[in-house]
Amino acid sequence: MSPGGSVHRHAAFQLVLAPRGEAVLAGADGNVVRGAALLVPPMTAHRMLSAGDLLTVFVEPHSALADRLRGRCGSGSGIVAVPELRRLDEAELGRAAALPSTGLDPRLLAAAALMEGWEGEAEPVPMELVAARVGLSPQRLRALARQQLGMPLARRIWLKLRRSAEALGEGRSPAEAAAAGGFADQAHLTRRMREMIGMTPAAVLRVMQVPSASAAGAPGDVHRNGPGDG
């Protein structure tokens, strides 16, 4: 990761931890936040400014761990310093990330499970079908997701990027990783990775090759990488 990484946003909570020193991030408005541990809420545009040894953890917004993080983010608060989270226990992280949220509407959890079960299909699951299965109208389901998750329920791009990143980690080429995620070509994957992760496929591959960058928890729960994300 180099200073001044591109502006991007994640469909997940992002924790940026600095074992030594501090992490430095900037919001889309240019506001700079520094700290030993920083928390970025879902879909919050930001970019990385520091270039030290950082650990980034992505947490799915419908997990029990996300419930804890939501309590540290006020509505529309943007990036916040959370020094009390600097020394998180990875075993605790994995357990909390593997459990479903207890604070979200159960209908949201059921809808998320339906959509993830559909992720291997060529076409996205129709929102009308998901809403009907959980007893809501599509409009009410979308509103509930915005209210409680802070993001649309449809997270297909995040799931596609995850599949591509996993393919890179398996040693497949960027072109093969693009196909694995359902992208039109390598250029399409690169554009979407820059937008949503702030990294190119080559940078993602370098991070995944760092020995300390192994996954913590199952895919879809906690994802960690090495030095930064931009």
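Just so it is clear, none of the values below were taken in a lab; they were calculated from the coordinates. Quantities reported herein were computed from a predicted structural model and do not represent experimental measurements. Reconstructed Cβ throughout: ideal geometry from the backbone, glycine too, with neighbour counts over all protein chains shown.
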Notebook entry, point to check: Within the range 18-47, whose backbone N sits under 12 Å from a point 7 Å along Cα→Cβ of Arg72?
Noted result: 18, 35-41
Note to self: List the residues, sorted by chain then number, that are 5 or more residues from Thr44 or on another chain and whose placed amide H is less than 5 Å from its amide H.
What the structure shows: His10
Notebook entry, point to check: Counting pairs of alpha carbon atoms under 8 Å apart in space and at least six apart in sequence, what relative contact order in percent does the range 53-114 give?
Noted result: 49
